Amino acid sequence: MVLEQFKIVQMKITNICCIGAGYVGGPTMTVIAQKCPHIKVTVVDLNEDRIAKWNDANVDNIPVYEPGLGAIVAEARGRNLFFSTQVDKAIDEAQLIFISVNTPTKTYGSGKGMAADLKYIELCARQIARVSTTDKIVVEKSTLPVRTAQAIKNILENTGNGVQFQILSNPEFLAEGTAVEDLLSPDRVLIGGDTTPEGQKAIQSLVDIYANWVSKDRILTTNVWSSELSKLIANAFLAQRVSSINAVSELCEKTGANVNEVAKAIGMDSRIGSKFLKASVGFGGSCFQKDILNLVYISKSFGLNEVADYWEQVIIMNDHQKRRFSRKIVSTLYNTIADKKIAFLGWAFKKDTNDTRESAAIYVADDLINEQANIAVYDPKVKYNQVINDLNYLETRLDQENKNHITSYNDPYEACYNAHAIAVLTEWDEFKEYDWEKIYDAMLKPAFVFDGRNLLDGEKMKAIGFHYQTIGS
Ligand SMILES: NC(=O)c1ccc[n+]([C@@H]2O[C@H](COP(=O)([O-])OP(=O)(O)OC[C@H]3O[C@@H](n4cnc5c(N)ncnc54)[C@H](O)[C@@H]3O)[C@@H](O)[C@H]2O)c1
């Protein structure tokens, strides 16, 4: 009987819906639509403004900036890729539904500041249950605590219309800034599902979609729990490497060693590898911190306090690295930055994205505003309103007080004009190409540059006359 029913979900998928048109849902579905022209892909979101931007005739205005994304949206949109606010309709019509909504750290109640807030996930599950009139495969694309699939299954089975649901976990490993590249040639695609025959068939349906462009040996299938946990662990390992090299950077500054040299020397060891060993002002982004906190919370809830403490240290180190950077600016500028103009080059959490969530720039700015500095921001993809929103989100001070201390510029030379110091917060390539002599001439002297990304050519900067400081040397 069960197998009989399951024939429906095993049929060839021709209609997909994705709930959540954000940094993951938008790019991921765009690439699926490009590679699978036989599948209709509808990306839905409650946020009308976001959907309107995805539908903007000029693809330069889509809400997610990723190199190469606009061209693929232009190719597939209106053909088999659609962006819509009609969530119910898209759910009902789809055979397979990706849930790609946000799962931020909880800001209230039990687990506040640590656990993942699953309210958006639960709302999606209830909506899918309410609307569905045919069998569906529901795919967790969002990053979720291990065993969330069980909760989704309970909701679907207890509140649904008697239709059959299979739950798969298919976490996304793309990195912002290289999302298109990562989606076109992923290191691996991970799909977790039930070990039952029905679960295996659902897995196969999703494998068949990815197999349109990903070779089979890169499509890994596991049980649901391994898949859910692997995503949290991948982020924890990556963030741990950044915190490890950042911890070394402080030691380098005290000992005369150079963190770039140390990173190169250890990174050439094939057991260690060179990636994610770049010292910086600290990692940001929407995922690392929230996913590690989530891992810490899960560990604590199982009474595994040592495991929790081990991972929490990755976050503690990262907070320290941001604080250390702002303290260095203050102490170098003669212990007072009140009313001094500090130019920020970069606000996004990394280059090639307009995402600013958890960006180190926010925390450094917050510290410097506490010291009454005036901050002049230039970022090629981030505008004034976003900068103010990010600072207001911290709730350190009133909106107007943040506005009193922040200006933003469309021109980097204007941002640096008459500045006492420049802080490089994002590793945008264009910063390397600037006319640094011109910037130097227009700054107050002594002219300081604090390179939080070890991006610029130190010898050249010093030859021009800058007091140039990096991380870890
Ligand atoms: N950003 C990344 O680099 C990245 C990488 C891998 C995985 N992830 C994970 O993917 C998930 C999504 O992340 P994101 O960065 O795309 O988030 P995002 O905030 O950019 O997008 C989420 C979208 O979901 C929408 N949404 C929320 N509830 C909804 C509902 N009930 N119905 C319709 N739309 C709804 C929101 O309006 C928002 O536009 C998270 O779990 C995240 O951890 C993110």
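Tabulated data for the structure shown
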read-out	value
Residue count, segment 125-152 (criterion: of a type in the set (S, T, Y) and either free of Cβ contacts under 8 Å to residues at least 24 places away in the same chain or within 13 Å of the ligand (Cβ to nearest atom) (or both))	3
Condition check for N235: in contact (Cβ under 8 Å) with a residue 24 or more places away in the chain, in a helix (DSSP H, G or I), open to solvent by 50 Å² or more (accessible area, probe 1.4 Å) and among the polar types (S, T, N, Q)	no
One residue from N410, N454 being open to solvent by 70 Å² or more (accessible area, probe 1.4 Å), within 27 Å of T178 (Cβ to Cβ) and within 26 Å of the chain's Cα centre (by Cα)	N410
Hits in segment 390-407 - residues which are open to solvent by 90 Å² or more (accessible area, probe 1.4 Å) and of a type outside the set (A, V, I, L, M, F, W, C)	Y393, E395, Q400, N404
Members of segment 36-55 that are in contact with a strand residue (DSSP E or B) (Cβ under 8 Å, 6 or more places away or on another chain) and within 15 Å of the ligand (Cβ to nearest atom)	T42, V43, V44, D45, I51, W54, N55
One residue from Q321, Q289 being over 16 Å from T143 (Cα atoms) and open to solvent by less than 50 Å² (accessible area, probe 1.4 Å)	Q321
Residue within segment 158-168 that is touching a residue at least 24 places away in the same chain (Cβ under 8 Å) and either within 13 Å of the ligand (Cβ to nearest atom) or within 16 Å of N235 (Cβ to Cβ) (or both) present	no
Filter result for E122 (within 15 Å of the ligand (Cβ to nearest atom) and open to solvent by less than 20 Å² (accessible area, probe 1.4 Å))	no
Condition check for A338: more than 16 Å from the ligand (Cβ to nearest atom), free of Cβ contacts under 8 Å to residues at least 40 places away in the same chain and assigned to a helix (DSSP H, G or I)	no
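The values are calculated or read from the model by the stated rules, or taken from the named source; none is laboratory data. No experiment lies behind these values; they were computed from the predicted model shown. Neighbour counts are summed over all protein chains in view; Cβ atoms, including those assigned to glycine, are modelled from backbone coordinates with ideal geometry. Keep in mind that these areas ignore ligands, DNA and RNA; they rest on the heavy atoms of the full protein, side chains included. Shrake-Rupley method; radii C 1.70, N 1.55, O 1.52, S 1.80 Å.
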